[in-house]
Amino acid sequence: MTFLLTHRSAINTFSSSIVYRQFWNSINIIRNKYDRKRVQEIGADLACAEWLVRCGGSIRFQNWGSFISKSNQIPTSIPGQFRVEEIRAVNASVTSEGFAYLEGLQHLKTIHLEKCDQVGDSCLARCNRAKDTVESMTLVDLGQISENGLAYLAGMKKLKQINLARLLNIKDRAAVIRLLTDELPQCMINYDDKYPPARELQ
């Protein structure tokens, strides 16, 4: 009898876990859905800010000293008045579809992605939408990133700094460094698992 009760409890716990994951997956799909109409209404920069904040990230506009992490902090203005210069997704629920919001950002210089469970190779592929402006890329504690994903960085010729740390799916670190060094000779590449966690996690 005790075994049956324990077994039933384990099944119920497992089922609840599945329902919980399905619920949050559905929420994340909604949060990351690309809204072309919204981009046309308020411009690429503000639409990107809305997406990132909605998913738990933060952004900094050009000539702003502080980051915005709440929706009520995003300014309302005519399209083009505010320009996104830096985005941070730390422990955020961003997915590949949401990275479509990088399209049209003409002043984005810095991307920091850390401890985001759903950031994979396809997200880095979409970062190439900002290849003409991005100068710094930080990728830390991203378990789904592989060598194929990091290879997309080789096409971002404006990069001056790349920080990589604790990417558990990378099997051949030396090959990654060699590729990026060859393709981006002007870029400083720092692959160090002792790289400190983001301030948001401290």
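Read the figures in this text as sums done on the coordinates, not as results from a lab. Values in this document were obtained by computation on a predicted structure and should not be read as measured data. Note that we place each Cβ from the backbone using ideal geometry, even for glycine, and neighbour counts take in every protein chain shown.
Annotations
- Principal-axis tilt of helix 2-32 within the chain, Cα atoms, nearest 10 degrees: 20 degrees
- Relative contact order for the stretch 33-201: 16 percent, from Cα pairs under 8 Å spaced at least 6 residues apart, divided by residue count.
- The number of Lys pairs in the stretch 33-201 with C-alpha atoms less than 17 Å apart, excluding pairs fewer than 8 positions apart on the same chain, is 8.
- Excluding exposed DSSP-loop trypsin sites (Lys or Arg not before Pro) (at most 14 other C-beta within 10 Å), longest clean stretch of the chain: 71-156
- Nearest-ten-degree value, helix 173-183 long axis tilted from longest Cα axis of the chain: 20 degrees
- Principal-axis analysis of the Cα atoms of the chain puts helix 44-54 at an angle of about 30° to the longest axis.
- D (Stokes-Einstein, µm²/s), Kirkwood Cα radius, the stretch 35-132, 0.692 mPa s at 37 °C: 249 µm²/s
- Short-range pairs are left out: with C-alpha atoms under 8 Å and at least six residues apart, the relative contact order of the stretch 140-198 is 43 percent.
- Helical mean residue ellipticity (222 nm; -39500 (n - 2.57) per DSSP H run of 4+; nearest 500) of the chain: -11000 deg cm²/dmol
- Fully extending the segment from residue 201 to residue 34 would add 57.3 nm, taking 0.36 nm per residue of separation and subtracting the current Cα-Cα distance.
- Annotation: Cα Rg of the stretch 33-201 relative to the compact-globule expectation 2.2 N^0.38 Å equals 0.99.
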